[in-house]
Amino acid sequence: MASEIYHSKAIIIRPAQGYTIEMNETQPFDKISLLRLAFKGLTEDELQEMATATQLCTYPPEYVLCREGAYEEVFYIIADGDAAISKNISEEDGERVLRIAGKGDLVGEMALIQNVPRSATVRTVTDCTVLEMNKKDFETLLSRSPSMAINIIRTTLDRIRENDQMAIKVMQNTNKVLHHLDRNKLEFIQVAAHELRTPLTVLKGYVNMLRSFPEIKSNSTLGEVMEGIVKGADRMHEVVNTMLDATRIDSETLQISAVPVPLKRIFNELSGDLAKSAAERNIELIIEQDENTPSINADPSLIQKALYHLIVNAIKYTPDGGKVTLGSRPIMLENNAPGVELSVTDTGIGLEAEHYELVFEKFYQVGDVAIHSSGKTSFKGGGPGLGLAIVRGVARAHGGKVWVESSGYDEVNFPGCTFYLQLPIDPPKPPPPTPATDEPATGRTGSFKIYK
């Protein structure tokens, strides 16, 4: 059967004037050849039937063929020109162009097949001639011709696969950029923390020297001033050391020095160290340890640091008059190895599920940072956002894991949170040392030094 020549209908849109001008006598197109390009394997009768059910239209640049989120009933095949397919990523990022559709590409068929709104916006880039088919005719043809339905599904799946590959490539490139930025940020934090630590040490030394002067001892007002300076310097020193800890924790390269660690004693020591801070907020610290909780082989400094951050975090997000419970029990891990489970449960404001993973990311803060109060254990007090990241790094370095559970966020009923830290009795053996090379050092290997 000879191909039939059709003329497209040019459509000029003039929104300002509120009318549309249609002009015929435009460039002719061979529908059959176009459909043969778009659909491989259809018979001539099927191609002819589809050609009869469609019409050719030409649209000017910037004309919207499909609008994301809208229920529309037209399916397009690009005959000439280009159209940009874009998706609204977010309010901040706006629209992002996913791909450019050209001659022979199908546009808008998935929404018709699934009876759902458009998943993307299709906007003409140039004068664009398209082959149009309405939903009713489209469904009729699909019901009559299984081969046509399979052909459309195959074409659509190929495009989805292509889009997936493109999305994966974009994600890989984005991940490389984010990793590079993260390393730069940590390196800056490390340098800044070292630069701050030296003058802080000098400041504390001079303050302690001044406190020994008789004039200071005999003047209560000056004594209070000196105490305030010491307290502020100690707080800054702790923040700086936390920043240094975070830059050194890397689950793949952190080398631990495993020795027997009595968990019961560490819990008791931390409870005593933080008793004053908790008492200032009228928060009760409760220890509920299973008497069969064994000691573990681990790095004691790292374990103490991890538990310290968990307890401080619990106090910080528990209102005055609340409770923080420290628990431990023996367990069998997923690999049937013996281990322990440490838990810190509070009666605080709780946490939404969307934050369960994010709270363990470096520098992540729940809520508006601008309204956070200052202080190590003040209610919803601000901080560098590194404590829980350190906990996760310590858990991974010992072959364990940490997670949080909560029934939700509520500053009226205070559902609270429970943080769980599971650790094996014996940490995994470190990998064999890498043979020396001529490559420059990256500064990411070596033993971990914890700052107190």
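Bear in mind that the values in this text are calculations on the coordinates, not laboratory data. Remember, predicted model here, so these are calculated numbers, not experimental data. Quick reminder, even Gly has a Cβ in these numbers, built from the backbone with ideal geometry, and neighbours come from all protein chains shown.
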- Task: Using R₀ = 51 Å, calculate the FRET efficiency as 1/(1 + (r/R₀)^6) where r is the Cβ-Cβ separation of LYS401 and ARG144; round to 0.05.
- Result: 0.35
- Amide H contacts under 5 Å for LEU351, placed H, 5+ residues apart: SER407, GLY408, TYR409
- Computed E for ILE287/GLN255 - FRET, C-beta separation, R0 22 angstrom, nearest 0.05: 0.10
- Message: How many angstrom lie between the Cα centre of the range 165-187 and the Cα centre of the range 27-90?
- Response: 37 Å
- Message: Taking 8 Å as the Cα distance limit and 6 or more residues as the minimum spacing, I'd like the relative contact order of the chain as a percentage.
- Response: 11 percent
- Which percentage, to the nearest 5, of the DSSP beta bridges contained in the range 184-343 is antiparallel? 60 percent
- Query: Going through the range 269-333, which GluC sites (Glu not before Pro) have at most 12 other Cβ atoms within 10 Å and a DSSP loop state?
  - Reply: GLU291
- Query: To the nearest 20 debye, what charge dipole does the chain have about its Cα centre, counting +1 at the Cβ of each Lys and Arg and -1 at the Cβ of each Asp and Glu?
  - Reply: 1540 debye
- Task: With label points built 7 Å along Cα→Cβ from the Cα atoms of GLN114 and ASN335, find their separation and express it in nm.
- Result: 4.0 nm
- Message: Between VAL170 and SER220, how high is the FRET efficiency from 1/(1 + (r/R0)^6) when r is the Cβ-Cβ distance and R₀ = 45 Å? Nearest 0.05.
- Response: 0.10
- Message: Using a Cα-Cα cut-off of under 19 Å, which aspartates and glutamates could be cross-linked to LYS136, ignoring same-chain neighbours fewer than 8 residues away?
- Response: GLU46, GLU49, GLU72, GLU73, GLU109
- Item | Label-point gap, in nm, between LEU203 and GLU227 - each point 7 angstrom along Cα→Cβ | 2.0 nm
- Message: Helix check for the chain. Which DSSP H runs span at least 27 Å along their own axis by Cα, with a mean Kyte-Doolittle hydropathy no less than -0.5?
- Response: 146-211, 220-248
